[in-house]
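The values are calculated or read from the model by the stated rules, or taken from the named source; none is laboratory data. Everything numeric here is computed off the predicted structure, so don't read it as measured data. No Cβ is skipped: glycine too gets one built from the backbone with ideal geometry, and neighbour counts run over all protein chains shown. Just the protein is used for accessible areas: all its heavy atoms, side chains included, with ligands, DNA and RNA removed. Shrake-Rupley method; radii C 1.70, N 1.55, O 1.52, S 1.80 Å.
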Amino acid sequence: MANVAVIGSQWGDEGKGKIVDWLSSRADVVVRFQGGHNAGHTLVIDGVTYKLSLLPSGIVRKSKLSVIGNGVVVDPWALLEEIETVRGKGVEVNPDKLMIAENAHLILPVHQVLDGALEKIRGKGSIGTTKRGIGPAYEDKVARRGIRVCDLRHPEILKEKLEQMVAHHNALLKGLGADTVNVDEIYSRLMAVADEVLSYTGVVWKTLDEARRQGKKILFEGAQGMMLDIDHGTYPFVTSSNMHAGQAATGSGMGPDAVNYVLGITKAYTTRVGEGPFPTEQDNEVGIFLGERGHEFGTVTGRKRRCGWFDAVMVRQAVKIGGIHGIALTKLDVLDGLEELKICVGYELEGKSLDYFPSSQVEQERVQPVYETVSGWKESTRGARSWAELPAEAVKYVRHVEELIGAPVTLLSTSPERDDTILMHDPFLG
Ligand code: GDP
Ligand code: IMO
Ligand code: MG
């Protein structure tokens, strides 16, 4: 039996939450391995909507273990609030069901202040972050001044570490003309939640090692998408972590063979929230149609998502870089009723053809998409639960996407509802 990693293949919001929730019935453990509460994963189960940011999407199922790995940055207050919210919907959360890596780094209020101040000085070049403090928290981790979950066990040392961290950041905030933060306030707020956070803490690498040796199935839940990857995305308009499936291993404490099947989640068109290049963006009635039909508003910030045609070049690149074995194609139903559909099959840059998306920021902004036009379909695909229910043109579109990106469609999603999903190949079979 294979362990599966689910990763976004575009700019996030591909429908990872829905697919992870659906797949989690077949898994024993669901693990988040990067990102933080910048993620917004939506699950719709029998008409009830759950929006998860930090909690793995397996949390709604009774007998599954949900794990927040060391690669995640954890805002302890956001975590506890989310736990309360899902409890309000009848979901049980207790230390038997949820484990947080003791070596995961914390996002503190100073990181959110920095996120806001840094975006402000970027001015026109702002990234359009979620302002959750994700980037500054990862910066502190790499700079070796971060505070980890396990530090909550040792208040005196925690206080010293906090004083050093805050002194560093206050110097910067002063220089930026921003308000500074108060270390005592952060410390007492942290102490107020320390015991509760610690009650969920565990040695994740050991737990996952045992699970593996017992033959349990592990499902890794990525956040964001490959084009937001710190190395492979549209840098600097990216988030501050790797969402490459390789991160599933380092972000949870397992060997490189922890993942046997990489499932890329791919929207049948393209969206992006925040700033940065987007070659197939449709700032016109097509974009408005996709946005309205697809309810394309950010789960976390409520911002309108930018919308455009399917970019096969970009997804093919994500397939190759990410070692994606198969994809789950989502939101096919949003395309219902369009007479013609466009697919980007290449780019042109200064009169030359390109079969890949370049790394340079300048070139990424300059590439012009080369489109192929294909027929749409009039019939509804919404809620289809079998391949036979799909109109011929929709089947053609799916087959063509497979051909262009060089990976098979393993799952097909036809509505936000959990069960409106068509399985072509079980990823847990490898
Ligand atoms: P994630 O961040 O990748 O988990 O995706 P989000 O939850 O941020 O955004 C995806 C949105 O599309 C959510 O509102 C889902 O409920 C919805 N969704 C997922 N799959 C489908 C689908 O096949 N069809 C439609 N119409 N909506 C879907
Ligand atoms: P899910 O998991 C879409 C984007 C932000 C911004 C950039 C950097 O729901 O797919 P950050 O706050 O991470 O420093 O912001 O990344 N971004 C996302 N866009 N889906 C997400 O997550 C995202 N997480 C971050 O909008 O452009
Ligand atoms: Mg999302």
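For the chain, the longest principal axis of the Cα atoms and the long axis of helix 392-405 meet at an angle of about 60 degrees. In region 191-338, Cα pairs under 8 Å separated by at least six residues give a relative contact order of 22 percent. Among 89-95, 233-239, the peptide with the highest mean count of other Cβ atoms within 10 Å heads the list, and the full ranking is 233-239, 89-95.
Under the criterion of Cα pairs below 8 Å and six or more residues apart, the relative contact order for the chain equals 21 percent. Within the accessible area of region 266-429, the carbon and sulfur atoms contribute 48%, probe 1.4 Å, all protein chains present.
Between the helical axis of 183-198 and the longest alpha-carbon principal axis of the chain there is an angle of about 70 degrees.
Distance between the C-alpha centres of region 373-430 and region 138-213: 44 Å, rounded to the whole angstrom. Only helices enter this figure: runs of n ≥ 4 DSSP H residues, each worth -39500 (n - 2.57), summed and divided by the residues of the chain, yield -9500 deg cm²/dmol at 222 nm to the nearest 500. The modelled label-to-label distance between Glu403 and Val374, using points 7 Å beyond Cα along the C-beta direction, is 0.8 nm. Treating each Cα of the chain as one equal point scatterer and applying the Debye formula with no solvent, the log10 of I(q)/I(0) at q = 0.08, 0.10, 0.12 Å⁻¹ comes out as -0.43, -0.68, -0.97.
When the alpha carbon gyration tensor of region 105-197 is reduced to an equivalent ellipsoid, the three semi-axes, largest first, read 24, 14, 11 Å. Bridges between two residues of the chain, per DSSP, are antiparallel at a rate of about 40%. Relative to the current alpha-carbon distance between Met191 and Val395, full extension at 0.36 nm per residue lengthens the span by 67.8 nm.
Note on Lys124: aspartates and glutamates with a C-alpha under 17 Å away, same-chain residues under 8 apart excluded, are Asp115, Glu275, Glu365. Computed in the context of the full set of protein chains, the accessible area of region 105-197 at 1.4 Å probe radius has 49% of its extent on carbon or sulfur. Between the Cα long axis of helix 204-213 and the first principal axis of the chain there is an angle of about 50°, rounded to the nearest 10. The alpha-carbon of Lys159 sits under 29 angstrom from the alpha-carbons of these lysines, leaving out residues fewer than 8 places away in its chain: Lys131, Lys141, Lys174, Lys206.
What the Cβ-Cβ distance of Arg366 and Asp231 gives, at R0 = 30 Å and to the nearest 0.05, is a FRET efficiency of 0.90. Bridgeable lysines around Lys342 (alpha carbons under 23 Å apart, same-chain partners fewer than 8 residues away excluded): Lys267, Lys304, Lys320, Lys331, Lys352, Lys378, Lys396. Rounded to the nearest 20 debye, the dipole size of region 266-429 about its Cα centre is 360 debye, using +1 on the Cβ of Lys and Arg and -1 on the Cβ of Asp and Glu. In the context of the full protein assembly, His244 retains an accessible surface of approximately 50 Å², using a probe radius of 1.4 Å and ignoring ligands and nucleic acids.
DSSP beta bridges fully contained in region 266-429 are about 75 percent antiparallel. Placing +1 on the Cβ of every Lys and Arg and -1 on the Cβ of every Asp and Glu, with no other charges, gives region 177-217 a dipole of roughly 620 debye about its Cα centre. Its relative contact order, with pairs defined as Cα atoms under 8 Å and 6+ residues apart, puts region 105-197 at 29 percent.
What the chain shows is 41 Å² of accessible area per residue, with the surface traced by a 1.4 Å probe over protein heavy atoms.
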